[in-house]
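Q: Submitted below is the structure of interest, expressed as structure tokens.
The values are calculated or read from the model by the stated rules, or taken from the named source; none is laboratory data. Quick caveat: nothing in here was measured; it's all calculated off a predicted structure. With ideal geometry, Cβ positions are generated from the backbone for all residues, glycine too; neighbour counts draw on all protein chains shown. All accessible areas refer to the heavy atoms of the entire protein, side chains included, with ligands and DNA or RNA removed. Shrake-Rupley method; radii C 1.70, N 1.55, O 1.52, S 1.80 Å.
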Amino acid sequence: MTSFTDKQLTDFVYAEARMLDEQRFDDWLNLFTEDAYYWMPLAPGQQDPRLHASLLYEDKLLLRVRVERLAGARTYSQQPRSRSHHLLQQPGIEQADHATGRYVLRTAFHYVETRQDAQTLFAGWATHELMRVDDALRIQLKRVDLVNCDAAFGNINLFM
Amino acid sequence: MTKYQGHPDAVRALVRDIEVHKDLYIDPELFALEMEHLFANTWVYVGHASQVPNKGDYYTTTVGTEPVVMVRHTDGSVKVLYNRCPHKGTKVAGEVCGNTGKFFRCPYHAWTFKTDGSLLSVPLKRGYDGTGFETHEASKGMAPVGAVQVYRDFVFCRLNAEGVGFEEFFGQSLSTLDNMVDRSPEGRLEVAGGVLRYMHNCNWKMLVDNQTDTCHPMVAHESSAGTAVRVWKEAPEGTPKPMAVELYAPFVSSYEFFENMGIRVWDNGHGHTGVADSIHAAYSPAPGYFEQMVAAYGEERAKQILGDVRHNTVYFPNIMVKGPIQTLRRFLPIAADKTLVESWTFRLVGAPDLLLERTLMYNRLVNAPTSVVGHDDLEVYERAQEGLHARGRDWINVGRLYDPAERGQVNVATNGTSEWQMRNQFRAWTRYMTASMKEGAV
């Protein structure tokens, strides 16, 4: 049974962001457990993803739809494609339970998404709920809280 | 030199039988005239009474580009006031929603107003003694809009004091709001789940036009709904169909499906898709819900309510309602090329939570700034907003299944791929743009 060091935990978060910026989306999807969710709340401190609207609350099926759509020949809204840039603060380890293999990390970030001549800056905090699966780390929940989650946005095309 | 202001004939000439001029979408002067005339002559949705349940509760928004506040007055009625201090112009109510108690207080000089807008007090009032204050606008308080009508808790207003009556304006189209409310076993809706706000760099009418455009889903949404269906097909046999797939899949139905589902056209620019069938017709039932409806209405009436599966109902000028999925979308004009889309959701009071959950999932999958279906639509709107500036063509075609005999007909059901409803909107546009426009007036 592997016990992860702090560096291994924080490196996991950095590596995940790099996969997104390098658009290695299939590798990225493989980081998630089969029952994982990616959640972007619509309200500050939101607790309920089911009976309150969110910007995103997607299981692995819906994440896969997103990833496959990005590569589709008739995905006109991605012609030309968007690009992203993550700037992460050092992740804080909020919880580390080596016995059960469950870890929670919180990472402040700035995220830039560009398409054509437009560039949009988003700021927020990502919370990673990780679990040990076959001696590797996997994401069970990635929660992205934007500082202005309730603002009116234009398109958000990629993943923060 | 103005092209359209004071020239109602020039405005009328922009709408032909089967085409409309590009200026409707790109010309700032026409946009300003829409705000002055179209959004002042018509009944525009403001909000829902459940947003202001208690005395002093308020909600701030816009009608056209006018800032307004909807407030529950001390007598229990709902008032809609221009959100503007009569003194220096400051917006009096600042939060999106809140409770102001028995009066509004301007943050600038502490003038106060009753919740019907009337002036309550002015600090150091004697400074106005002998100035003729009481004969000036400022003494009248916050101005109410021209007229307010609350229909089954939906609050509409007409900015102009005179004009078309509420019943005359909406006619039989109110049946969609009726159906949505009747879907609650208690006959009541509540705004629930938050509002999705999505900024569009395009003209507000592109969104309204799109609500009854049934020849685009299988094309524009092939990328999103089509991919969802394809990914789902890879799931192991026997996997229960997820709610998300049930919501996505009908978007890529065939042309034949959309032809057969039908469109109904009412007067004054109102109309709906989904007469005989719709993309909302085949959702899985929520356990216990039908029994609740039968208990409330009797079996025959319950079946009638739930069997009415209208798709998109356009309430001209700028909202769309989905009865079966309890959603109301507002297309809020900001500029000729900028529109804020708000997508609101409702709880059917007394019904299972699963229905609200489905409504919220639908809204998230289709109407959020993160929605792949939304991305498909916004891409084509924004391309059109740019493309329309080309000088090689001046007109937009809305001629699908045009019949010269359609003019003047109302309450008619027709082929689901007809653009009759769009033509209906443009006829209403001309009517309410020019109703209060004087020749030569500037």
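Q: For the range B:265-281, check the following and say yes or no: at least one residue is surrounded by fewer than 17 Cβ atoms within 10 Å (Cβ to Cβ), hydrophobic (A, V, I, L, M, F, W, C) and either farther than 16 Å from B:Asn179 by Cβ or at pLDDT 95 or above (or both). So that I can check it myself, show each step before the final result.
A: The initial filter retains those residues of the range B:265-281 that are surrounded by fewer than 17 Cβ atoms within 10 Å (Cβ to Cβ), namely B:276, B:281.
After this cut, where a residue has to be hydrophobic (A, V, I, L, M, F, W, C) as well, the list is B:276, B:281.
Now restrict to residues that are either farther than 16 Å from B:Asn179 by Cβ or at pLDDT 95 or above (or both): none.
Among the residues of the range B:265-281, not one is surrounded by fewer than 17 Cβ atoms within 10 Å (Cβ to Cβ), hydrophobic (A, V, I, L, M, F, W, C) and either farther than 16 Å from B:Asn179 by Cβ or at pLDDT 95 or above (or both), which makes the answer no.
Conditions tested, residue by residue: (1) more than 11 Å from chain B (Cβ to nearest Cβ); (2) farther than 19 Å from B:Arg364 by Cα; (3) open to solvent by less than 60 Å² (accessible area, probe 1.4 Å).
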residue	(1), (2), (3)
A:His98	yes, yes, no
A:Thr107	yes, yes, yes
A:Glu129	yes, yes, no
A:Asp134	yes, yes, no
A:Ile139	yes, yes, yes
A:Gly154	no, no, yes
A:Phe159	no, no, yes
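Q: Pick out the one residue from B:Thr430, B:Thr434 that is touching a Pro at 6+ places or on another chain (Cβ under 6 Å) and open to solvent by 10 Å² or more (accessible area, probe 1.4 Å). I'd like the intermediate steps shown before the answer.
A: Values: B:Thr430 fails: touching a Pro at 6+ places or on another chain (Cβ under 6 Å).
The unique qualifying residue is B:Thr434.
Q: Something else: Could you look through the range A:23-35, keep only residues that are assigned to a loop (DSSP other than H, G, I, E, B) and either surrounded by 15 or more Cβ atoms within 10 Å (Cβ to Cβ) or of a type in the set (A, V, I, L, M, F, W, C) (or both), and pick out the one that is nearest to the chain's Cα centre (by Cα)?
A: Narrowing the range A:23-35 to residues assigned to a loop (DSSP other than H, G, I, E, B): A:23-24, A:30-31.
Now narrow it down to the ones that are either surrounded by 15 or more Cβ atoms within 10 Å (Cβ to Cβ) or of a type in the set (A, V, I, L, M, F, W, C) (or both): A:23, A:31.
Working: A:Gln23: 13, A:Leu31: 10 Å.
My answer is A:Leu31.
Q: Still on this structure: Which ones in the range B:297-337 are open to solvent by 20 Å² or more (accessible area, probe 1.4 Å) and at positive phi?
A: Within the range B:297-337, just B:Gly298 meets the criteria.
Q: A further question on this structure: Are any of the residues in the range B:36-58 without any contact (Cβ under 8 Å) to a residue 12 or more places away in the chain and open to solvent by 30 Å² or more (accessible area, probe 1.4 Å)?
A: yes
Let's see how each residue does on (1) under 15 Å from A:Gln46 (Cβ atoms); (2) in contact with a Gly (Cβ under 6 Å, 6 or more places away or on another chain); (3) not aliphatic (A, V, I, L, M):
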{"residue": "A:Gln119", "(1), (2), (3)": "no, no, yes"}
{"residue": "A:Gly124", "(1), (2), (3)": "yes, no, yes"}
{"residue": "A:Leu130", "(1), (2), (3)": "no, no, no"}
{"residue": "A:Asp134", "(1), (2), (3)": "no, no, yes"}
{"residue": "A:Leu137", "(1), (2), (3)": "no, no, no"}
{"residue": "A:Arg143", "(1), (2), (3)": "yes, no, yes"}
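Q: Moving to a separate point now. Can you pull out the residues in the range B:121-172 that are in contact (Cβ under 8 Å) with a residue 60 or more places away in the chain and β-branched (Val, Ile, Thr)?
A: Hits for the range B:121-172 are B:Val145, B:Val148, B:Val150, B:Val155, B:Val164.
Q: Can you confirm whether the range B:199-220 contains a residue that is outside any helix (DSSP H, G or I) and more than 26 Å from B:Asp23 (Cα to Cα)?
A: We begin by selecting, within the range B:199-220, every residue outside any helix (DSSP H, G or I); these are B:199-203, B:212-216.
Among the residues that remain, those that are also more than 26 Å from B:Asp23 (Cα to Cα) are: none.
No - not one qualifying residue is present in the range B:199-220.
Q: OK, next. Scanning for something open to solvent by less than 40 Å² (accessible area, probe 1.4 Å), under 30 Å from B:Gly269 (Cα atoms) and either within 12 Å of chain A (Cβ to nearest Cβ) or touching a residue at least 40 places away in the same chain (Cβ under 8 Å) (or both), does the range B:226-233 turn up at least one residue? Let's see the steps before the verdict.
A: Within the range B:226-233, the subset open to solvent by less than 40 Å² (accessible area, probe 1.4 Å) is B:226-229, B:231.
In the following step, the residues that additionally are under 30 Å from B:Gly269 (Cα atoms) were identified as none.
The answer is no, given that none of the residues of the range B:226-233 is open to solvent by less than 40 Å² (accessible area, probe 1.4 Å), under 30 Å from B:Gly269 (Cα atoms) and either within 12 Å of chain A (Cβ to nearest Cβ) or touching a residue at least 40 places away in the same chain (Cβ under 8 Å) (or both).
Q: Identify all residues within the range A:1-22 that are in a loop (DSSP other than H, G, I, E, B) and without any contact (Cβ under 8 Å) to a residue 60 or more places away in the chain; write none if there are none. Outline the logic, then answer.
A: Keep residues of the range A:1-22 that are in a loop (DSSP other than H, G, I, E, B), which gives A:1-5, A:22.
Hits for the range A:1-22 are A:Thr5, A:Glu22.
Q: Let me ask another. Go through (1) under 22 Å from B:Ala225 (Cα atoms); (2) small (Gly, Ala, Ser); (3) over 22 Å from the mean Cα position of the chain (by Cα) and name the single condition B:Gly387 misses.
A: Among (1) under 22 Å from B:Ala225 (Cα atoms); (2) small (Gly, Ala, Ser); (3) over 22 Å from the mean Cα position of the chain (by Cα), B:Gly387 violates only (1).
Q: Pick out the one residue from B:Met243, B:Met293 that is more than 30 Å from A:Glu34 (Cβ to Cβ) and either buried (at least 19 other Cβ atoms within 10 Å of the Cβ) or touching a residue at least 40 places away in the same chain (Cβ under 8 Å) (or both).
A: Details: B:Met243 fails: more than 30 Å from A:Glu34 (Cβ to Cβ).
Result: B:Met293 is the single residue among B:Met243, B:Met293 that is more than 30 Å from A:Glu34 (Cβ to Cβ) and either buried (at least 19 other Cβ atoms within 10 Å of the Cβ) or touching a residue at least 40 places away in the same chain (Cβ under 8 Å) (or both).
Q: Oh, and also: Could you check the range B:196-215 and list, in sequence order, the residues that are open to solvent by less than 40 Å² (accessible area, probe 1.4 Å), within 12 Å of chain A (Cβ to nearest Cβ) and of a type outside the set (Phe, Trp, Tyr)?
A: B:Leu196, B:His200, B:Cys202, listed by residue number.
Q: While we're looking at this one, here's another question. State the number of residues belonging to the range B:338-349 that are more than 9 Å from chain A (Cβ to nearest Cβ), open to solvent by less than 20 Å² (accessible area, probe 1.4 Å) and under 19 Å from the mean Cα position of the chain (by Cα). Quick ask: steps written out before the conclusion?
A: Here is the first cut: in the range B:338-349, the residues more than 9 Å from chain A (Cβ to nearest Cβ) are B:338-339, B:344, B:346, B:348-349.
If we keep only those that are open to solvent by less than 20 Å² (accessible area, probe 1.4 Å) too, we end up with B:339, B:346, B:348-349.
Then keep just the ones that are under 19 Å from the mean Cα position of the chain (by Cα); that gives B:339, B:346.
Final tally of qualifying residues: 2.
Q: Inspect the range B:350-368 for any residue being crowded, with 20+ Cβ neighbours inside 10 Å, within 30 Å of B:Glu162 (Cβ to Cβ) and within 14 Å of chain A (Cβ to nearest Cβ) and give the result as yes or no.
A: No - not one qualifying residue is present in the range B:350-368.
Q: For the range A:71-94, enumerate the residues that are open to solvent by less than 10 Å² (accessible area, probe 1.4 Å), more than 9 Å from chain B (Cβ to nearest Cβ) and either at pLDDT below 95 or in contact with a helix residue (DSSP H, G or I) (Cβ under 6 Å, 6 or more places away or on another chain) (or both).
A: A:Pro91
Q: What strands (runs of 3 or more DSSP E) lie completely within the range B:13-99 and have 2 or more residues being touching a Gly at 6+ places or on another chain (Cβ under 9 Å) and of a type in the set (Phe, Trp, Tyr)?
A: Passing ranges, in order: B:57-63.
Q: Then there's this: In this structure, is B:Asp376 within 14 Å of another protein chain (Cβ to nearest Cβ), surrounded by fewer than 22 Cβ atoms within 10 Å (Cβ to Cβ), touching a helix residue (DSSP H, G or I) at 6+ places or on another chain (Cβ under 6 Å) and not hydroxyl-bearing (Ser, Thr, Tyr)? Give the steps one after another, and end with the answer.
A: Values: within 14 Å of another protein chain (Cβ to nearest Cβ): yes; surrounded by fewer than 22 Cβ atoms within 10 Å (Cβ to Cβ): no; touching a helix residue (DSSP H, G or I) at 6+ places or on another chain (Cβ under 6 Å): yes; not hydroxyl-bearing (Ser, Thr, Tyr): yes.
No.
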